[in-house]
Amino acid sequence: MKSILSLLVLLPAASALAVSPLAAQQPVTTPVSQSIRLPVDAIEAVVGDQPIMRSDVDERILQEQQAGRVLPNDSTAARAVVLRDLVDEELVTQKAKELKITVEDADITPNVDAQIKSVRARFPTETEYRNTLAQEGMGTPEEYRKYLMDTYRRQATNQKVMDQLKGDNKFLPVSVTDSEVAAAFSRDSASMPKRGATVTFRQVIVAPEPSVKEKELARVKAESLLAEIHRGADFATLAKRESMDETTKQNGGDMGWSRRGENVPELDRWLFQLPPDEVSPVIESPLGYHIIMVERAQPAEVKWRQILITPKIDSADVARARVRADSVLALWKSGVSFDTLTKRYHDFAHHEETALLVPFVRDSLPPSYQQALTGHKAGDLVVFPLPWTPDVPKYAVVRLESVDESGTRSLAEMRQYERNTLAQAGGVRRYLDGLRKSTYVWVNPELGAFPAGSANP
């Protein structure tokens, strides 16, 4: 279980109520049989005019322990830690009034309904449910619902406050020393998830190429469509009917805005010399045959449409691509440079990457890469198919540059993360301490002194 401070820093500002960082956990997730309100109570702290009771501290400790938060073994120290969190939350709650932040019933009712449904499902009869609520100080189902509504409202309100303060840059990061970073890593390392196995690699992607016959058929098709346009056919309507670019076909071939260099050179040459509303001749590129029309032009970019006709690729073309991929593998093994191989064989036309040299978690790679690279070590060369279209694959020729198996994360890996976390947490802590200085805060002296500016008469 994390304190309000750590969760406020680590969770994104748009956190859903179900993971609200303003409560160490939602108390309502605690089984009813463990939500005990003590009959003997006492005041442990006062924030403004709002008391925090001993029962509030006891209840929160129970919730924290159930959720796995590690609290000090000494009971007094544990109570002091939890009480500090409760004081922080109350300060934020009171800040909400100043900021005029409220939460409507509609925002929290679905969560309350879900929680009541979950708790009620644990009891076979309505009588048992009601009796358990009464025995454990939660009152009637109606009173239990009101308690949940109040709890969720407080959490959601505090979340809104923290989101607004964060958006207003009220949590300025603090300076953090190397020793503080090392201490935080030492404290957190045991609970950190293991680092997944990572890989880096270079690759040559070999795409099947259509036969001369199919290329000619596609060119003739494109020329016939250009003739239709010259006879008065609407470009966008024709693109919806005939274009083979599935990503833009339904939008009438609308390609949006493009800057120089974002398309294959064959298209770039025309895009930045074609006057608006004029139609190009049929343009051949590695992608197929294009007819393009520039709609609007600015000094650095153009808005355009295209009709794309791609030659058919059959099984014989795929087989030839596999042979070329095997040739790339043999040439690479024989010492031919990677740059030479990419210039001659790599599929630059479809913007395929040539290298992934920043360590990447192997389990996050596409399935085809995960399967092909399993069991291989740094320096190994592998050839495998990659999905391209439903019926046509490409082939990847990959050389593993590094393989780092999973294991414990090092301080070097986590240094910047720990530093950022501490800096942000320090900013939140400083702001909350500032609220304490401007608010009356009394804390039971048995639980330790609070920061300067707090009142302990």
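Quick look at the values:
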item	result
The listed residue being among the charged types (D, E, K, R), assigned to a helix (DSSP H, G or I) and touching a strand residue (DSSP E or B) at 6+ places or on another chain (Cβ under 9 Å), out of ARG296, ARG322	ARG322
Qualifying positions in the stretch 208-250 - without any contact (Cβ under 8 Å) to a residue 12 or more places away in the chain and outside any loop (DSSP other than H, G, I, E, B)	VAL212, LYS213, GLU216, VAL220, SER224, ALA227, GLU228, ARG241, LYS249, GLN250
Enumeration of residues in the stretch 201-216 that are loosely packed, with under 15 Cβ neighbours inside 10 Å and within 25 Å of MET293 (Cβ to Cβ)	GLU216
Helices (runs of 4 or more DSSP H) completely within the stretch 98-200 that count 2 or more residues being in contact with a Phe, Trp or Tyr (Cβ under 9 Å, 6 or more places away or on another chain)	105-120, 126-135, 141-167
Flag for ALA349 being part of a loop (DSSP other than H, G, I, E, B) and either among the small types (Gly, Ala, Ser) or touching a Cys at 6+ places or on another chain (Cβ under 6 Å) (or both)	yes
Residue satisfying condition, being closer than 19 Å to ILE205 by Cα, of a type outside the set (Asp, Glu) and crowded, with 16+ Cβ neighbours inside 10 Å, within set LEU287, LEU267, LEU274, LEU238	LEU287
Filtered residues of the stretch 333-344 (kept if surrounded by fewer than 19 Cβ atoms within 10 Å (Cβ to Cβ) and part of a helix (DSSP H, G or I))	LYS333, SER334, PHE338, ASP339, THR340, LYS343, ARG344
Where a residue in the stretch 272-287 is assigned by TED's automatic domain parsing to the domain that holds ALA236 and under 28 Å from GLU352 (Cα atoms) and its partner, wherever it lies, is basic (Lys, Arg) and in a loop (DSSP other than H, G, I, E, B), with Cβ under 9 Å and at least six apart	PHE272/ARG260
Residue pairs meeting the criteria (Cβ under 8 Å; at least 6 apart or on separate chains; first farther than 15 Å from ARG195 by Cβ, in the stretch 352-373; second among the polar types (S, T, N, Q) and in a helix (DSSP H, G or I))	THR354/THR342
Residue in the stretch 370-379 that is surrounded by 17 or more Cβ atoms within 10 Å (Cβ to Cβ) and out of contact with any helix residue (DSSP H, G or I) (no Cβ under 9 Å at 6 or more places or on another chain) present	yes
Restricting the stretch 119-151 to residues that are small (Gly, Ala, Ser) and without any contact (Cβ under 8 Å) to a residue 24 or more places away in the chain, the residue that is farthest from LEU86 (Cα to Cα)	ALA121
Scan of the stretch 364-414 for residues that are assigned to a helix (DSSP H, G or I), closer than 23 Å to ALA330 by Cβ and of a type in the set (A, V, I, L, M), ordered by number	ALA372, LEU373
Cross-chain or 6+ apart pairs with Cβ under 8 Å, the stretch 155-179 first and more than 20 Å from GLU98 (Cβ to Cβ), then surrounded by fewer than 17 Cβ atoms within 10 Å (Cβ to Cβ)	PRO173/ASN420; VAL174/ARG430
Yes/no for GLU89 being acidic (Asp, Glu), under 22 Å from PRO51 (Cβ atoms), surrounded by 16 or more Cβ atoms within 10 Å (Cβ to Cβ) and assigned by TED's automatic domain parsing to the domain that holds ASP41	yes
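The values are calculated or read from the model by the stated rules, or taken from the named source; none is laboratory data. Everything numeric in this text was worked out from a predicted model, so none of it was measured. Cβ: placed from backbone, ideal geometry, glycine included. Neighbour counts: every protein chain shown.
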